[in-house]
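The values are calculated or read from the model by the stated rules, or taken from the named source; none is laboratory data. Note that this is a predicted model, so its numbers are computed, not measured. As a convention, Cβ positions derive from the backbone with ideal geometry for all residues, glycine included, and neighbour counts pool all protein chains shown.
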Amino acid sequence: MWKKQPMVYDILIADDEPAIAEATELTLMMEGYSTLLATNGQEACQKAMQHTPQLVLLDVMMPEMDGYQVLAWLREQPALSRVRVVMLSARSQEQDRQRGLKLGADDYLVKPFRHDELMQSVRKYVTKG
């Protein structure tokens, strides 16, 4: 019997705010990216392990595990340590941004972010097809 391979997604969106997660997902899907949603930090870790996305868009303030904890966990996993991560947060203090980058985030966008700002970051880290 053949073992079914897990579907590969371009981008995992981890955000506990449904309106933001769905708007981000719609934007990315309209640009041709395949997406997967997680509503908390623990779910983000599980889905990242199952599907190994090219990019994780990671909210900082989430239940279960916050984005910083998820990022640290991703960087500790041999299979996921090189996955690109863009932090998305309403926390706009320079110390928050520096913390994310120090933990290994590739980029840090402050909410509310502009469409072109998001797409510029996504295109930098994700190859389609």
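Taking into account only those residues within segment 75-98 that are surrounded by 14 or more Cβ atoms within 10 Å (Cβ to Cβ), outside any loop (DSSP other than H, G, I, E, B) and modelled with pLDDT under 95, which is nearest to the chain's Cα centre (by Cα)?
Once the filter is applied, the top-ranked residue is Leu88.
Which members of segment 22-57 meet the condition of being free of Cβ contacts under 8 Å to residues at least 40 places away in the same chain and either assigned to a loop (DSSP other than H, G, I, E, B) or touching a helix residue (DSSP H, G or I) at 6+ places or on another chain (Cβ under 6 Å) (or both)?
Across segment 22-57, the qualifying residues are Ser34, Thr35, Leu36, Leu37, Ala38, Thr39, Asn40, Gly41, Ala44, Cys45.
Output the residues belonging to segment 67-99 that are hydrophobic (A, V, I, L, M, F, W, C) and free of Cβ contacts under 8 Å to residues at least 40 places away in the same chain.
Selection gives Leu71, Ala72, Trp73, Leu74, Ala79, Leu80, Val83, Val85, Val86, Met87, Ala90.
Provide a single number: the residues in segment 99-129 that are part of a loop (DSSP other than H, G, I, E, B) and farther than 16 Å from Leu71 by Cα.
8
Within the set of pairs 6 or more residues apart or between chains, which connect a residue that is over 20 Å from Asp16 (Cβ atoms) inside segment 108-129 to a residue that is of a type outside the set (A, V, I, L, M) with Cβ atoms less than 6 Å apart?
Ser121/Asp107; Tyr125/Arg84; Val126/Asp10; Val126/Gln54; Lys128/Gly32
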